[in-house]
């Protein structure tokens, strides 16, 4: 199987188009190459391990003429197959049966998971309700006590407000009585005070002397 056939098989397995399958295969291969080149191990569970190893310098024999040649140190990639991969290659039928049994278990667990999640959610909700009830009890007591204190203070204020008008009315009556007595005292004092007579002023009339007009002389007749 070459790369193109691998892409076709992936497209059939995923029920996707060829371009999407090609992108997926390219992404996997490129990621493995880059990580191994950096010296990282790429371990795929059940499949194997891709890693980089260092080969030391050595002398080798040329297969054409039998002469010895020097080989420089270099880094090379290495693949170590996993146990599941090896067992599958040794006995594919048994491996397929195991894979099918594992798939069934996974499906059963997936179906049972929602029921377990729902039960856990119910327990959590019940616990939360109990906690909320316990937490709300002290708050209710504190609110009731505060309301009682506020009501008592309001009653005291109302009683004081009722007493205050009575005191104000008594003070107003005393003021009115004093005001009525005051004009009577003022009137008595006014009666006792003698009336002063204003002295009559006489003005002497001075008679002005009468002035006599000079007599006019008649002109002499010629």
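Out of (1) within 30 Å of residue 98 (Cα to Cα); (2) free of Cβ contacts under 8 Å to residues at least 24 places away in the same chain; (3) part of a helix (DSSP H, G or I); (4) within 53 Å of the chain's Cα centre (by Cα), the odd one out for residue 34 is which?
All conditions pass for residue 34, except number (1).
Answer yes if at least one residue in the stretch 54-62 is more than 45 Å from the chain's Cα centre (by Cα) and under 30 Å from residue 89 (Cβ atoms), and no otherwise. Working first, answer last.
Narrowing the stretch 54-62 to residues more than 45 Å from the chain's Cα centre (by Cα): 54-62.
Retained after the next criterion (residues that are under 30 Å from residue 89 (Cβ atoms)): 54-55.
There is at least one residue in the stretch 54-62 that is more than 45 Å from the chain's Cα centre (by Cα) and under 30 Å from residue 89 (Cβ atoms).
Take residue 88 and decide whether it is modelled with pLDDT of 95 or more and touching a helix residue (DSSP H, G or I) at 6+ places or on another chain (Cβ under 6 Å).
On the way: modelled with pLDDT of 95 or more: no; touching a helix residue (DSSP H, G or I) at 6+ places or on another chain (Cβ under 6 Å): yes.
Spelling it out, it is not the case that residue 88 is modelled with pLDDT of 95 or more and touching a helix residue (DSSP H, G or I) at 6+ places or on another chain (Cβ under 6 Å).
Give 128, 112, 118, 101 a once-over and let me know the one that is part of a helix (DSSP H, G or I) and closer than 19 Å to residue 45 by Cβ.
Numbers: 128 fails: closer than 19 Å to residue 45 by Cβ; 112 fails: closer than 19 Å to residue 45 by Cβ; 118 fails: closer than 19 Å to residue 45 by Cβ.
Exactly one of 128, 112, 118, 101 is part of a helix (DSSP H, G or I) and closer than 19 Å to residue 45 by Cβ, namely 101.
Select from the stretch 59-91 the residues that are assigned to a helix (DSSP H, G or I) and surrounded by 10 or more Cβ atoms within 10 Å (Cβ to Cβ) and list them in ascending order. Lay out the reasoning, then the answer.
Applying the first criterion (assigned to a helix (DSSP H, G or I)) to the stretch 59-91 yields 83-90.
84, 85, 86, 87, 88, 89, listed by residue number.
The values are calculated or read from the model by the stated rules, or taken from the named source; none is laboratory data. These numbers were taken from a predicted model, which means no experiment stands behind them. Here the Cβ is made from the backbone with ideal geometry for all residues, glycine too, and neighbour counts use every protein chain on show.
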